[in-house]
Every structure is written in C-alpha cells, then in structure tokens.
Amino acid sequence: MPAMTFSVPQMDCPAEEQLIRLALADLPEVRHLAFDLPQRRLLIACEGDGQRILPALHRLNLGAVLLAADDGPAPATATPADPAPQRAALRLVLGINATLFVAELAAGLLARSLGLVADALDMLADAFVYGLSLYAVGRAVARQRQIARLSGYLQLGLALPGLVEVLRRFLGLEAAPDFALMVGMSLIALAGNVATLLILQPQRRGPVHLQASWIFTTSDVLVNISIIVAGVLVLLTASPIPDLLVGGAVFCLVAVNAGRILRLAARPTPPG
C-alpha cells in the first residue's frame with residue numbers, strides 16, 4: 001500500500017489536524033493517517049496513486065508539500081501508552097489553563113487591556129475547537145462537518161466583537177491601559193504556561209492531544225511575551241495603541257482560523 005509523506009508547515013494544533021481529517025474523509029482511497037504535530041508531518045497510507053490527496057490538502061491553505069511517496073506496508077499503529085500519567089498531566093494542565101483564563105479575562109477588563117482579553121478568549125476558542133474535535137472523532141462525515149461549522153461560529157462569535165472593540169477604542173483614542181496590571185498578569189500567565197510546558201515535557205512525544213497541548217502552550221508563551229512588550233511600550237508612550245495592536249492581532253488570528261474551518265465545513269462532498 002503506497003505511503004505518502006507530507007510536510008504541513010501550518011499544522012500546529014488539533015484544529016488543523018481535524019481540518020485535514022475532515023478534508024480527506026470524502027476520499028475512500030485514504031486508508032490511514034498518522035500525524036506528527038511537532039515536526040509538522042503527515043503520513044498517509046492510501047490505495048491507488050492518491051492523486052486527489054494533494055489537491056484536497058492544498059485547499060486548506062496550510063502549505064502542504066509532498067515529501068515522499070513509497071510503496072510499502074501501511075504505517076503501524078503504535079502500542080498504547082499507559083494512560084494514567086497522560087490523564088494526570090492533562091488534569092493539571094487544564095486546571096492551570098482554566099485558572100489563567102478566568103484571571104486573565106478579569107485582569108484584562110480591570111486594566112482595560114484588549115491584549116489580555118484577546119489572549120484569554122483565544123485560550124477559550126482553543127478549548128472550544130479541541131473539545132468539539134474530540135467529540136467528532138469516529139463520527140460520520142456529515143456530523144463532523146456540523147461540528148466543525150459550530151466550532152467556526154463559536155470562534156467568530158469571540159473574534160468579531162473583539163475586533164469591533166479594538167476599532168472603537170482606536171478611533172476613540174481612550175486612555176492607556178493600566179501598565180502594572182497588564183504586565184503583572186502577563187508575567188503570571190507566562191509563569192503558568194512555562195509550568196505547563198514542564199508538566200507536558202515527559203508527554204510531548206505522546207498522543208496527538210498531548211503534542212497539541214505542548215504546541216498550544218508554546219504559542220501562548222509567545223503571546224504572553226508580546227503583551228509584556230506592548231505593556232512596556234504603553235508605559236513609554238502613554239498610548240493605548242501598542243495594546244490595541246496586540247489585541248487586534250490575536251483577534252484576527254482567531255477570526256482567520258474560524259473562516260478556514262467554515263470554508264471547509266461548507267465545501268460540498270466531491271464525487272467518488
């Protein structure tokens with residue numbers, strides 16, 4: 001059975017993984033998928049020449065490139081690891097993330113920082129996508145499309161009001177956010193995300209959901225650092241614009257991901 005290896009540079013979270021699964025679910029020649037999120041690699045075992053696979057991946061705009069196509073046995077399924085350490089790590093990580101979401105949202109509202117609010121809502125959007133993606137596993141393609149559509153609308157429901165608020169504040173030139181609260185909360189969130197990385201370190205080569213949690217948290221660390229830099233610029237310039245730029249960028253990222261999901265969910269099933 002031919003095995004095709006793809007590089008997918010923008011595949012870095014379970015949202016992209018489920019987009020790929022959904023895009024390829026209509027192709028009966030696809031027999032097995034193996035994801036390597038840290039390396040951004042996808043291995044597909046298929047019947048026939050697999051000519052329809054690459055165009056289906058290209059429609060996702062994730063930068064997919066075919067690296068190799070070899071005839072050989074289908075990829076072997078890994079032996080399941082002991083789930084107890086994985087569950088323990090996930091419970092602790094979810095507890096940290098839930099606490100950070102509540103704290104960051106509250107601090108963002110008190111500090112009038114859209115950067116903090118956007119980061120908190122981005123964490124919530126990730127949780128929506130991840131939970132809905134897990135629920136979709138093993139279900140019919142039509143049901144998967146319904147769930148993907150719902151997750152896209154949820155993300156848009158978070159992103160669009162945020163972008164409107166960014167524009168309103170930008171045009172209104174409101175007072176700069178509270179520097180101390182903005183940077184202080186970002187430092188706490190940064191510490192929480194670093195702790196999460198340490199917790200996930202033993203599991204980062206484990207199942208896909210743990211790999212995805214590692215990548216999510218790494219991205220969150222970069223956002224935390226961006227908000228800290230924006231806070232310093234707010235202090236130096238006495239302007240809210242650095243905070244608005246960071247908040248707008250995060251809201252735009254959520255909106256782009258939502259649009260990608262909705263476009264795929266709306267795509268008609270190709271003929272067999």
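Couple of notes before you dig in:
- Whole-number percent relative contact order across the range 2-71, with pairs defined as alpha carbons under 8 Å at least 6 apart: 51
- Each of ILE225, ILE20, ILE44, ILE96 was scored by other Cβ atoms within 10 Å of its Cβ. Listed from fewest to most, they are ILE225, ILE96, ILE20, ILE44.
- The label point for ALA180 and the one for CYS252, both projected 7 Å from the Cα toward the Cβ, are 3.3 nm apart.
- Other residues whose C-beta falls under 12 angstrom from the C-beta of LEU190 contribute a net charge of -3, scoring Lys and Arg +1 and Asp and Glu -1.
- Burial order of peptide ranges 250-257, 23-30 (average beta-carbon count within 10 Å, highest first): 250-257, 23-30
- Straightening the chain between VAL194 and SER239 buys 13.3 nm, computed as 0.36 nm per residue apart minus the Cα-Cα spacing.
- Net length available on complete extension from ILE225 to GLN10 is 75.3 nm, with 0.36 nm assigned per residue and the Cα-Cα distance removed.
- Cβ-Cβ distance of ALA68 and LEU92, R₀ of 30 Å, FRET efficiency by 1/(1 + (r/R0)^6): the value works out to about 0.20.
- Kirkwood hydrodynamic radius over Cα pairs of the range 2-71, then Stokes diffusion coefficient at 25 °C and 0.890 mPa s, in µm²/s: 208
Bear in mind these aren't lab numbers, they're just calculated from the coordinates by the rules spelled out. Only a predicted model underlies this, so the values are computations on that prediction, with no experimental measurement involved. Note that each Cβ is placed from the backbone with ideal geometry, even for glycine, and that neighbours are counted across all protein chains shown.
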